[in-house]
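Novice: For reference, the structure I am asking about is given below.
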Amino acid sequence: MLEPRFESALALRGEPTTTYVSMREITTRGMIDLRGLTSDRKFMAAAKAVLGFDLPKAPRTSNSFGDVKVLWLSPDQWLVLCAREKAPSLAAEFAKATENTHALAVDVSDMRSIIRIEGEGSREVMMKGCSLDFTDADFTPGYVRRVRFAEIAALFTIVDASTIDLYVFRSYANYAWDFLLKAARKGSEVGLFNGR
Amino acid sequence: MLLVTCPVCHASGDETDFHFGGQAHVARPATSNPEGISDEQQREYLFTRINPKGLHFERVRCDRGCGKWFHAARDTMTMEFKAFYGITELPPDHVIKQAKGAWAEYFTMRMKKQK
């Protein structure tokens, strides 16, 4: 039998030299979609037992410990990030721990493509694609938000002051990459975050 | 551009981050007793909508955010949002008091039922 094999949707795209931020795809990250109710004590305890830390309850925040990170997506939905090869076993652990509760854990590592945007202009490039104000004080490292970016559904996290991870559905990866190439083309700098 | 605030995740955003879901508080008549529903009642439920000038109540989904449905009270003339409230809730009292016509009748009926 053939083993399932991961192939990146952006495998043929090299690191661009024409942009004023650096862009690269992160392919080594596994993702688990976790759903359950925060009011369900059994579920919250089970999630903590597997992760070693509490699920973030506050909107648009994330928690992490070691190489596992949990992003808040909705009052009853989280995205667990871990190493790609670890995702199936971690999803199975969640499934086992939440067996008797109304919860769901699925390995969705191949559902989204992750584009890391790095550089002083990374926030500015994001602002070119969505209606959010990235100069807002809320936008600190660890911030997570789902948003309509370049007319498609996207999710981003702020990694540090000049680094943003953009998650888009796999089938939109090439479109998002093309959009970013144009939005971040050298010479199109607005300079909004210069020296910030 | 309309600025909408989701009462579930408290995210403020442009209307394009949200999805409009039609008139609020439309109750399905056939939930408990499908046989007892007349054609007129079913027609009312499916097609008849209020189209007021002024205060209106609508459903909205936090489409690109937390994904939850909620309600919004909007003035159709000024486009001003008067309130955002949960999907299982009624609007705040001071907004109900401003309702006119068909909406005033509806909320009076709901209040009576609650008592």
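The values are calculated or read from the model by the stated rules, or taken from the named source; none is laboratory data. This one's a predicted model, so the numbers in the text were calculated from it and none came from an experiment. With ideal geometry, Cβ positions are generated from the backbone for all residues, glycine too; neighbour counts draw on all protein chains shown. Just the protein is used for accessible areas: all its heavy atoms, side chains included, with ligands, DNA and RNA removed. Shrake-Rupley method; radii C 1.70, N 1.55, O 1.52, S 1.80 Å.
Novice: Hey, any hits in the range A:51-62 for a residue that's within 30 Å of A:Glu3 (Cα to Cα) and either within 14 Å of chain B (Cβ to nearest Cβ) or not in a loop (DSSP other than H, G, I, E, B) (or both)?
Specialist: yes
Novice: Looking at B:Asp93, B:Asp39, B:Asp75 in this structure, which one is touching a strand residue (DSSP E or B) at 6+ places or on another chain (Cβ under 9 Å) and farther than 26 Å from A:Leu73 by Cα?
Specialist: B:Asp75
Novice: Applying the selection to the range A:62-73, what residues are out of contact with any helix residue (DSSP H, G or I) (no Cβ under 9 Å at 6 or more places or on another chain) and at pLDDT 95 or above?
Specialist: If the condition is that a residue be out of contact with any helix residue (DSSP H, G or I) (no Cβ under 9 Å at 6 or more places or on another chain) and at pLDDT 95 or above, then A:Ser62, A:Lys69, A:Leu71, A:Trp72, A:Leu73 are the ones that fit.
Novice: Go through the range B:27-61 and give me each residue that's open to solvent by 100 Å² or more (accessible area, probe 1.4 Å) and among the β-branched types (Val, Ile, Thr).
Specialist: Within the range B:27-61, B:Thr31 is the sole residue that qualifies.
Novice: Is the range A:121-129 home to any residue that is open to solvent by 20 Å² or more (accessible area, probe 1.4 Å) and in contact with a Ser or Thr (Cβ under 7 Å, 6 or more places away or on another chain)?
Specialist: No, there is no match, as no residue in the range A:121-129 is open to solvent by 20 Å² or more (accessible area, probe 1.4 Å) and in contact with a Ser or Thr (Cβ under 7 Å, 6 or more places away or on another chain).
Novice: Could you count how many residues in the range B:8-22 are at negative phi and more than 16 Å from the chain's Cα centre (by Cα)?
Specialist: Number satisfying all stated conditions: 8.
Novice: Also, I was wondering about something else. Hey, which of the strands (runs of 3 or more DSSP E) in the range A:67-159, taking only ones fully inside, have at least 2 residues that are under 25 Å from A:Gly36 (Cβ atoms) and away from every other protein chain (no Cβ under 14 Å)?
Specialist: Here the list reads A:68-74, A:77-83, A:104-107, A:112-118.
Novice: Among B:Asp14, B:Asp63, which is free of Cβ contacts under 8 Å to residues at least 24 places away in the same chain and over 25 Å from B:Gln98 (Cα atoms)?
Specialist: B:Asp14
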